[in-house]
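To keep things clear, I will list the structure first and then write my remarks on it.
Read-outs throughout are calculated quantities, based only on the coordinates presented, and are distinct from any laboratory measurement. This structure is a prediction, so every number in the text was calculated from the model and none was measured. Every residue, glycine among them, receives a Cβ derived from its backbone with ideal geometry; neighbour counts consider all protein chains shown.
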Amino acid sequence: MTKFISDEDKIYSEFETFMETTYPEFFKHRSYGGFSIGIGWFQLLRDLFAKINEYVVSERNNGNVIEMRVAQIKEKFGELRVYVDGADDHIAHLIHEAEKVAYATCELCGKPATHTKKGWLQRLCDGHAKS
Ligand SMILES: [Zn+2]
């Protein structure tokens, strides 16, 4: 597991609070277990859930109630994995697109990922691949 210094702990906890308060219907149950990923992927998750929320709200306005909730969000073999219950094809597509963006994004800082760190696999930018 990534060991966080205190600034990163703060960023992590602010992110978790933001997601749970902005999208309570997706995250409020808390059994999803937090975000087991590096902070470099937080922005793409913000973008992903903004898109999902917009879609769910617009479908609801059309009388189509989608009850989706997050089961787990984690990094596995250097790739982002977002597991949800209740997704339709469109939400599944949005998640798949975000997972592709994550593969191209440094998990530590959010810059373009150019390397896959060996050992425990992790997608990294030039700078983080060297350190
Ligand atoms: Zn980086």
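Given only helices, namely DSSP H runs of n ≥ 4 each adding -39500 (n - 2.57), what is the per-residue ellipticity at 222 nm of the chain, to the nearest 500 deg cm²/dmol?
Result for the chain, helices only: -14500 deg cm²/dmol.
Separation between the Leu121 and Lys76 pseudo-spin-labels, each 7 Å from Cα along Cα→Cβ, expressed in nm?
Those two pseudo-labels are separated by 1.1 nm.
In the neighborhood of His115, defined by Cβ-to-Cβ distances under 12 Å, what is the net charge if each Lys or Arg adds +1 and each Asp or Glu adds -1?
Local net charge: +3.
Quick one: Cα centre-to-centre distance for the range 8-61 and the range 79-130, in angstrom?
Between the Cα centres of the range 8-61 and the range 79-130 lies a distance of 15 Å.
Just the Cα atoms of the chain: what Rg and Dmax do they give in Å?
According to the Cα coordinates of the chain, Rg and Dmax are 15.3, 52 Å.
At 0.36 nm per residue, minus the direct Cα-Cα distance, what do Ser58 and Ser13 gain on full extension? Give it in nm, one decimal, please.
Stretched out fully, the Ser58 to Ser13 stretch lengthens by 13.2 nm.
For the range 21-83, which GluC sites (Glu not before Pro) are both in a DSSP coil and crowded by at most 16 other Cβ atoms within 10 Å?
The qualifying sites are Glu67.
If I model a spin label at Glu99 and Ile66 as a point 7 Å from the Cα along the Cα→Cβ vector, what separation in nanometres do I get?
Going by the 7 Å Cα→Cβ label model, 1.7 nm.
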